[in-house]
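Here the structure is laid out as structure tokens; the discussion comes afterwards.
Laboratory data are not the source of any read-out in this text; all were calculated from the coordinates shown. Just so you know, these numbers come straight off a predicted model, no measurement behind them. Glycine also receives a Cβ, built like all others from the backbone with ideal geometry; neighbour counts cover every protein chain displayed.
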Amino acid sequence: MSQKPLTYANAGVSIDAGNALVKTIGPLARSTARPGADAELGGFGGFFDLKAAGYSDPLLVAANDGVGTKLKLAIEAGKHDGVGIDLVAMCANDLIVQGAEPLFFLDYYATGKLDPAVAAEVVASIAEGCRQAGCALIGGETAEMPGMYSEGDYDLAGFCVGAVNRDKVLTGANIGPGDVILGLASSGVHSNGFSLVRRIISDRGWNIAETYPSAGGSTLADQLLEPTRIYVRSLLPQVQEGLVKGLAHITGGGLLENIPRVLPSNAHAYVDAGSWELPSLFRLLQDGGSIEPQEMARTFNCGIGMIAVVSAGQADAVTSRLEAAGETVFRIGRIENGPRGCTVHGPNRAWTAAHNA
């Protein structure tokens with residue numbers, strides 16, 4: 001008995017669907033072109049011209065990240081138009097913290113069976129994130145792997161490279177007593193803590209398609225899937241003009257764990273949790289999971305997605321400039337002498353985390 005010839009499609013991988021997707025996303029990539037990159041797709045690699053980008057003595061800075069289990073909520077809600085912004089944000093915000101301008105971005109999209117419509121929606125949001133961050137989408141990879149993912153599931157990874165002239169690198173070395181900590185408002189939960197979020201939803205039996213008044217009056221899914229804010233365009237001028245001593249992207253580990261990462265060994269950050277109002281979405285999650293305040297401060301951003309450390313004399317000017325750029329800014333704390341770490345003062349008590357590195 002003769003065996004029927006097999007094709008890659010018989011094994012569950014459609015080359016034609018992949019080619020069609022590349023054709024669809026080509027214009028999206030071109031929309032992110034910037035000096036140094038034309039953002040054309042189709043080669044085996046993407047080029048970037050540092051000289052054309054205006055750098056004279058550059059250091060390259062690279063970051064990679066994913067979106068985590070926030071993707072599960074996006075898949076359950078059938079809402080894919082923001083996760084690409086999350087992907088870019090998690091990388092680009094980590095670059096600006098070191099003083100680097102994001103230059104180009106590459107993505108990795110993996111799924112069991114390619115759904116071109118979903119993939120195109122995701123890549124469109126990646127392109128939007130790149131436009132917000134000012135970086136070019138110069139390449140990526142779409143992997144169709146039958147048997148690796150459950151039906152409808154996909155995963156994302158992002159890779160971003162930036163540059164900073166050698167004399168503009170942010171190290172935090174000159175942070176010292178008397179400096180002010182400014183907090184830039186987040187756009188929501190961003191992309192961390194979603195394993196806990198999903199556990200709360202499961203335990204409480206919440207319907208993410210329902211409207212929750214304490215979640216801002218929209219559906220819970222819309223609130224939780226609000227894309228991560230990208231702070232690059234507002235912060236880059238302040239960094240390049242030397243107005244900022246240090247930045248910390250508030251991701252996994254929250255305020256307690258992330259602020260110490262940018263401090264010198266003899267600096268301790270004191271944050272007053274009463275200097276801004278905890279957004280209603282976080283109150284909903286805290287009540288839903290009976291989460292202790294300290295656990296909130298080391299898991300979620302609690303409404304502060306980025307902090308900037310500035311000298312006391314520059315605090316008002318930097319605040320005004322950031323607000324003019326569209327940020328909501330709070331003066332949330334100060335730097336004092338002490339072991340490298342962070343203390344968050346909450347109602348009636350304080351929580352401290354030391355930096356272990």
Using only alpha-carbon positions, what ratio does the radius of gyration of the range 33-113 give when scaled by 2.2 N^0.38 Å? 1.31
What FRET efficiency do you get for residue 57 and residue 336 if R0 is 35 Å and r is their Cβ-Cβ distance, rounded to the nearest 0.05? 0.50
Descending semi-axes in whole angstrom, ellipsoid equivalent of the range 85-181, from the Cα gyration tensor: 34, 14, 11
Over the chain, with a Gaussian network built from C-alpha contacts below 10 Å, which listed residue (62, 110, 173) shows the highest mean-square fluctuation? 173
What is the mean projected area of the alpha carbon convex hull for the range 160-215, to one decimal in square nanometres? 8.0
Need one number: nm distance between label points at residue 72 and residue 153, each 7 Å from Cα along Cα→Cβ, rounded to one decimal. 0.9
How big, in percent, is the set of alpha carbon pairs in the range 234-275 lying more than 14 Å apart? 58
Length added when fully stretched, residue 324-residue 290, from 0.36 nm per residue minus Cα-Cα: 8.5 nm
Calculate, axis by axis, the spread of Cα positions in the range 137-295 along the three principal axes, and write the results as whole Å, longest axis first. 49, 44, 27
Give me the Kirkwood hydrodynamic radius of the range 252-357 in Å, from all C-alpha pairs, to one decimal place? 14.6
Scattering profile of the chain from the Debye formula, Cα beads only, expressed as log10 I(q)/I(0) at q = 0.07, 0.12, 0.15 Å⁻¹, is -0.33, -0.91, -1.29
For the range 163-172, take each phi angle, set θ = phi - 60°, evaluate the Karplus expression 6.51 cos²θ - 1.76 cosθ + 1.60, and give the result in whole Hz per residue in order, putting x for glycine and proline. 9, 9, 5, 3, 7, 10, 4, 8, 10, x
